[in-house]
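A short worksheet on the structure shown next.
Bear in mind that the values in this text are calculations on the coordinates, not laboratory data. Only a predicted model underlies this, so the values are computations on that prediction, with no experimental measurement involved. We place every Cβ from the backbone using ideal geometry, glycine too, and count neighbours over all the protein chains shown.
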Amino acid sequence: MGSDPTTSHFHLLGRKKCENSGSDPITSHFLPGVSRPDQALYAAYMKLFKLGTWLSPFREPERFEGPGSALQLCEVIALLGARRILLVTDRTLVRLGLVAPLEAALRKRGVAVARFDDVEPDPTLTLVEAGHARYQHAGCDAVLAVGGGSAIDLAKLVAARATNDVRVAQMTGLFRVRRRAAPLYAVPTTAGTGSEVTIVAVVTDPVRRRKLTALDFKLLPRAVALDPTLMTGLPAHITAATGMDALTHAIEAVLSRNAFARTTPRALDAARDIFRWLPVAVRDGRDLAARQALARASYEAGFAFTQAGVGYVHALSHGFGARYHTPHGLGNAIALPWVLDYSKPACADRMALVARHCGLGAPGDSDDALAERLVAEIRAMNAALGIPTHLAALRREDIPALAAGALREARFTYAVPRYLDQRGCEALLAQMLPPD
Ligand SMILES: [Fe+2]
């Protein structure tokens, strides 16, 4: 490529923006050093990426919804021929009594259950291998995830590992799962990651302290249950953070340059429902209507972002998670308004689209006003949910490395509306420093 890897793709849109606005203080330093061949290569790559995604055979899992749908899914698992299933979950859910009814339903239908309840946040390669060993030892022929994104991601990789005799790390990256995975089912117990409908699984390499991503159609569950009765015990702060993760998926999917006609309407509906129902679920975790709406919104946002992609909010939040163990949803919630502030000059029209769909602003408001209103509304919701405006763990001396990591993750991956370079990203991160 020839240019600094952290500044090599800033682009097309940045150029257009600078030419149009002339004196934008943030973008004005983007273009020097970015060669035309780099920009042309980037433009060609992202167009191909979009075309490839558009042509890809995205399907959805069979979906069961409503109170009791998890038990319904257990019946379907038996009907589809599973004889011995690995139930991937965590001990908290077992202790809360959420797992036992599902195990009983499976056994009643003749499906033996082997439980793997060692799931922890940010599952590691080692944990996937442990799950695989349990699968093999018990002679399983299917996998059921019951839990949040970590459980579902781990179950995806265990299902893929079951039929692919390679180390897990060799299945990370783009389309590196060679053989069809074991039948996989999922019951999400949080409404946030959307992992139940995505083709992505994230796993941590504990030695290199890096997150690895496997992306493959073979990782998509066959069937899922969105059952709000399994979500009523979720603590308010986790409900808030996971809900903001789903809202970030929805908004980043709408703003992505790789958004499609088949993804944007569903992402917009998800954003609207999260604005409406997340404060309700945080106030009263037992509100089934709110839990159901959020489970659906998380699924819809997941459907949208697994095709349209996410953006800098996720790239930054992944860095916060790796360095400070900041929960993913919390990192997203803090970064989202700052990234939107930055992105607005390039995508006020699409931010306004989100605002209108969510019933924000007044008829006749300009796109700019609506875009600002959207950001203000996110800040207000964060405040109401007890989410801070700044990242307490963030240290000034970490900013250059965090910026470089976010840019490395985003480039050639996320079709963000407005690009950053190293200096711009550092300036953005500095806004998130806790006040002295
Ligand atoms: Fe996310």
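Side notes on the structure shown:
- Size descriptors for region 56-162 (Cα atoms only): Rg and Dmax, in that order, 13.4, 41 Å.
- Modelled this way, with points 7 Å down the Cα-to-C-beta line, the labels at Asp205 and Gln72 are 4.2 nm from one another.
- A cut-off of 5 Å between modelled amide H atoms, ignoring neighbours fewer than 5 places along the same chain, links Thr204 with Thr124, Leu125, Leu212.
- Principal semi-axes in Å for the chain [√(5λ), Cα gyration tensor, largest first]: 36, 24, 19
- Across region 236-430, Cα pairs under 8 Å and at least six residues apart give a relative contact order of 27 percent.
- Acute angle (nearest 10 degrees) that the helix 36-55 long axis makes with the longest principal axis of the chain, alpha-carbon atoms: 30 degrees
- Between helix 367-384 and the chain there is an angle of about 50 degrees, using the helix long axis and the longest principal axis of the Cα atoms.
- With neighbour counts taken as other beta-carbon atoms within 10 Å, the residues Glu397, Glu129 rank, fewest first, as Glu397, Glu129.
- Per-bin percent of Cα-Cα distances, region 62-230 [10 Å]: 12, 45, 35, 8, 0
- Förster-model FRET efficiency, 22 Å R0, Ala261 and Arg63, C-beta, rounded to 0.05: 0.55
- Cβ-Cβ distance of Gln170 and His137, R₀ of 25 Å, FRET efficiency by 1/(1 + (r/R0)^6): the value works out to about 0.70.
- Phi-based couplings in Hz for region 302-318 (Karplus 6.51, -1.76, 1.60; Gly and Pro marked x): x, 4, 6, 6, 5, 9, 7, x, 10, x, 5, 4, 5, 4, 5, 5, 4
- Highest-fluctuation residue, Asp90, Asp153, Asp398 considered, GNM on the chain with Cα pairs under 10 Å: Asp398
- In region 166-265, the inverse of the mean reciprocal separation of distinct Cα atoms equals 15.6 Å; this is its Kirkwood hydrodynamic radius.
- Cross-link pairs beyond the 32 Å C-alpha cut-off, checked among Lys50/Lys211; Lys108/Lys156; Lys218/Lys344: Lys218/Lys344
- Residues Met46, Met231 in ascending order of nearby Cβ atoms (within 10 Å, fewest first): Met46, Met231.
- Global form of region 368-408, assessed from the alpha-carbon gyration tensor, a/c cut-off 1.5: oblate
- Annotation for region 59-165: trypsin sites (Lys or Arg not before Pro) lying in DSSP loop with at most 11 further Cβ atoms inside 10 Å of their Cβ are Arg59.
- Sorting 75-81, 373-379 by their mean Cβ neighbour count within 10 Å, with the most densely packed peptide first, gives 373-379, 75-81.
- Per-residue ellipticity at 222 nm from helix content only, as computed over the chain with -39500 (n - 2.57) for each DSSP H run of at least four residues, stands at -17000 deg cm²/dmol.
- GNM result for the chain, Cα springs below 10 Å: residue of Pro337, Pro188, Pro388 fluctuating most strongly: Pro388
- Here each label is just a point 7 Å from Cα along the line to Cβ, and for Ala104 and Ala384 those points are 3.9 nm apart.
- Relative contact order (%) - criterion: Cα under 8 Å, at least six apart; region: the chain: 15 percent
- Over region 285-436, volume per residue of the alpha carbon convex hull, in Å³: 131 Å³
- Under 5 Å, built H, 5+ apart or other chain: amide partners of Phe412: none
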